[in-house]
Amino acid sequence: MSAHTLLAEPGCHIRQDCAFPAPGIDSFNFRPIFSVAGFDVTKPMLLAVICTFLVVGFFAAAFAKPKLVPGKLQLVGEIGYGFVARSIAREVIGKKGDKYVPFLTSIFFFVWIMNIMSIIPLAQFPATSRFAYPVALAALVFITYMFLTFKTHGFRGGVKNLVWIEGLPKPLVPLIVLLEFIQNVITRPFTLAVRLWANMFSGHILIVLFSVASWYLLTPTFLTAVAGGSFLLAAFMTAFELLIQFLQAYIFTLLASIYISGAIEEGH
């Protein structure tokens with residue numbers, strides 16, 4: 001039984017012979033909601049699909065009939081698109097980054113909306129706290145990085161771009177080539193996925209922890225004050241998560257643009 005389920009049990013308090021329902025892995029595992037052609041759909045899967053339709057639907061509606069004097073929806077879309085274009089793509093990649101703005105905008109808003117699901121009523125779960133989703137997004141960025149590297153430089157030049165540094169003393173060449181290979185081919189996609197996942201995982205589990213504790217300690221004793229403090233911490237963490245959710249989407253997109261920049265520019 002998950003911490004969310006125990007939290008809904010009215011009799012689960014510290015003085016009711018009920019052990020503290022500490023949140024754990026069960027807070028991230030969900031039973032299937034329904035099945036489609038024998039394929040079970042869980043809450044994180046459904047949230048990921050909803051977020052996809054939200055992002056695609058919003059930008060499709062915003063720019064379906066673009067006008068010189070934009071309406072409200074188009075204006076919001078232009079602000080979001082312009083933010084990614086100016087603050088990420090052109091800052092990191094330069095003028096060459098304009099052609100990658102649609103890709104980076106899609107990543108930014110998809111990650112951001114999935115993160116925001118953590119504080120949306122009924123949803124209350126960030127899909128990015130399930131490791132598979134950051135892995136899939138990191139794989140997409142990594143495939144793009146590799147494709148652009150070899151498309152721009154060819155096979156030999158692409159390998160050189162990934163592992164070679166000019167001007168090294170010959171005894172250091174094998175070591176540096178190995179380290180560059182590990183960094184650019186293995187570490188980059190791993191850290192890109194883990195950074196997003198770890199932040200959303202830890203933020204969600206802290207909110208669940210303080211929420212459960214505030215209910216568990218709510219008894220007609222002095223512990224009511226402690227429960228109130230726990231509730232305030234849960235509220236503070238929820239507000240703090242708003243900032244973290246945006247920052248993680250920004251950092252993920254920023255790193256994606258850095259990888260693209262490295263792929264299309266000359267090597268070391």
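The values are calculated or read from the model by the stated rules, or taken from the named source; none is laboratory data. Because the structure is predicted, anything quoted here is derived from the model rather than measured. Using ideal geometry, Cβ is built from the backbone for each residue, glycine included, and neighbour counts are taken over all protein chains shown. Heavy atoms of the whole protein, side chains included, go into the accessibility calculation; ligands, DNA and RNA do not. Shrake-Rupley method; radii C 1.70, N 1.55, O 1.52, S 1.80 Å.
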Exercise for review: Quote the FRET efficiency, to the nearest 0.05, computed for T187 versus T219 with a Förster distance R0 of 51 Å and r equal to the Cβ-Cβ distance.
Suggested key: 0.55
Study note, to complete from the structure: Of every hundred units of 1.4 Å-probe accessible area on the chain, the number belonging to carbon and sulfur atoms, as a percent, is 72 percent
Review point. With every protein chain present, what is the per residue accessible area of the stretch 160-268 (1.4 Å probe, Å²)?
Key: 51 Å²
Check your understanding: Label F83 and V69 with points 7 Å out from Cα along Cα→Cβ: what is the distance between them in nm?
Key -> 2.6 nm
Practice item. Mind jotting down the distance between the C-alpha centroids of the stretch 166-181 and the stretch 30-107, whole Å? Key: 41 Å
Exercise for review: Could you tell me how many degrees, from 0 to 90 and to the nearest 10, lie between the Cα long axis of helix 188-216 and the main elongation axis, the longest principal axis, of the Cα atoms of the chain?
Suggested key: 10 degrees
Point to revise | K99/V226 FRET efficiency (R0 51 Å; Cβ-Cβ; nearest 0.05) | key: 0.35
Check your understanding: Accessible area per residue of the stretch 37-126 at 1.4 Å probe, in Å²?
Key -> 57 Å²
**Study point:** With Cα atoms, 0 to 90° folded angle of helix 223-264 axis to the chain main axis
**Key:** 10 degrees
Point to revise | Value at 222 nm in deg cm²/dmol, rounded to 500, when DSSP H runs of n ≥ 4 in the chain each add -39,500 (n - 2.57) | key: -21500 deg cm²/dmol
Study note, to complete from the structure: Rounded to the nearest 0.05, FRET efficiency between A136 and L243 (Cβ-Cβ, R0 22 Å) equals 0.35
Practice item. Rank T52, T221, T149 by mean-square fluctuation in a GNM of the chain with C-alpha springs under 10 angstrom and give only the top-ranked residue. Key: T221
Study note, to complete from the structure: Taking a ≥ b ≥ c as the square roots of the Cα gyration tensor eigenvalues, with a/c under 1.5 meaning rounded and otherwise prolate when a/b beats b/c or oblate if not, the stretch 144-201 comes out oblate
Practice item. Using packing as a proxy for protection, rank 157-168, 173-184 so that the peptide with the highest average count of other Cβ atoms within 10 Å comes first. Key: 157-168, 173-184
